[in-house]
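Before any comments, here is the structure.
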Amino acid sequence: MSESVESFYDDLATYYHLIFDDWNRSVERQAAVLGPILERATGRASPYVLDCACGIGTQALGLAERGHRLVGSDLSGAAIDRARTEAQQRQLNILFHVADMRDLSIIPEGSFDAVLVADNALPHLLSLGELESALAGMSAKLTDDGVLLATIRDYDHLAATRPAIQTPVFHEQKEGYRIVHQVWHWEGNEYALHHYLTIPTVQGWIVKHFASRYRALQRVELNNALRTSGFDNVEWLEPGETSFYQPIVLARKNRALGK
């Protein structure tokens, strides 16, 4: 992960909610899917969760409203500032830390029932070494029977089709409609992502551009990295069965390897 990833999310923090048709409704919908999965996987009605790529709080806020106990972290200070403000406005008791998911040791809390890393955050880790180190750090934050839940794009399909553009989406707003789309430039098994928000204002249209880089992390690679880094019982849940917008991978801490 490079400095550009931090800058990507720092720059995006103010505008992140505009990616969604209705961000508040998405917060609720995502918690309605992820919450029961976490509850079943941990066997707890109110699991203790570290959201280690929490951004502005898209998952953490809804899970806290559901009754889960949340700690949120992100490498972007601007995103954490926004998440903290959003939580305060909702009167939610969530602790937040600025922390890179490659080194969660600076987070004082531990013994979590679950670590959550959503919204395709893992593919920002461009090397196998970074990925395995980050996953091992997540394992270290878990109880002996804790679980990891990650959401990730379907790179088995995307690596084969190598799309150059994500179809533009139009969201209605008071001044008209805003346009959200992405352009991808592929280089081997990585791609540069260019994210565009075209926003109507009373003065006219403005365009915001945000750029970052991802690795097309395929399932066999992630499965192997999870097992190498202290997890087993890896399970994939598909959008068709969960109604979530990305595939979900669940893995349980291996007591023998995860200590």
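The values are calculated or read from the model by the stated rules, or taken from the named source; none is laboratory data. Note that the structure is a prediction, hence the values are computed from the model and not measured. Note: ideal-geometry Cβ built from the backbone for every residue, glycine included; neighbour counts use all protein chains shown. SASA here: full protein model, heavy atoms, side chains in, ligands and nucleic acids out. Shrake-Rupley method; radii C 1.70, N 1.55, O 1.52, S 1.80 Å.
In region 80-89, of all residues being out of contact with any Asp or Glu (no Cβ under 7 Å at 6 or more places or on another chain) and of a type in the set (A, V, I, L, M), the one that is surrounded by the most Cβ atoms within 10 Å (Cβ to Cβ) corresponds to A83.
Report yes if N93 is closer than 20 Å to Y16 by Cα and assigned to a loop (DSSP other than H, G, I, E, B), otherwise no. Give the derivation first.
Values: closer than 20 Å to Y16 by Cα: no; assigned to a loop (DSSP other than H, G, I, E, B): yes.
No: the conditions fail for N93.
Consider region 139-180 and keep the residues that are modelled with pLDDT of 95 or more and assigned to a loop (DSSP other than H, G, I, E, B). The one that is most open to solvent (accessible area, probe 1.4 Å) is R162.
Scanning region 188-206 for residues that are among the polar types (S, T, N, Q) and open to solvent by 60 Å² or more (accessible area, probe 1.4 Å) yields N189, Q203. Looking across region 170-183, the residues that are among the aliphatic types (A, V, I, L, M) and free of Cβ contacts under 8 Å to residues at least 40 places away in the same chain come down to I179, V183. Scanning region 210-236 for residues that are under 24 Å from I19 (Cα atoms) and of a type outside the set (S, T, Y) yields F210, A211, R213, R215, A216, L217.
Give me a count of the residues in region 237-254 that are part of a strand (DSSP E or B) and either closer than 23 Å to L193 by Cβ or open to solvent by 50 Å² or more (accessible area, probe 1.4 Å) (or both). Residues meeting the conditions: 3. Contact map, region 14-36: first residue modelled with pLDDT under 95, second residue in a loop (DSSP other than H, G, I, E, B), Cβ cut-off under 9 Å, separation 6 or more or different chains; the map is empty. On the given criteria, is R102 part of a loop (DSSP other than H, G, I, E, B) and not hydroxyl-bearing (S, T, Y)? The answer is yes for R102. Of the candidates S133, S73, the single residue that is among the hydroxyl-bearing types (S, T, Y) and touching a helix residue (DSSP H, G or I) at 6+ places or on another chain (Cβ under 8 Å) is S73. Scanning region 211-234 for residues that are open to solvent by less than 10 Å² (accessible area, probe 1.4 Å), closer than 11 Å to R252 by Cα and either touching a Pro at 6+ places or on another chain (Cβ under 9 Å) or assigned to a strand (DSSP E or B) (or both) gives a single hit, F231. A search for C-beta distances below 6 Å between a residue of region 184-199 that is under 17 Å from F20 (Cβ atoms) and any residue that is among the basic types (K, R) and open to solvent by 50 Å² or more (accessible area, probe 1.4 Å), counting only pairs 6+ apart in sequence or on different chains, returns L197/K208.
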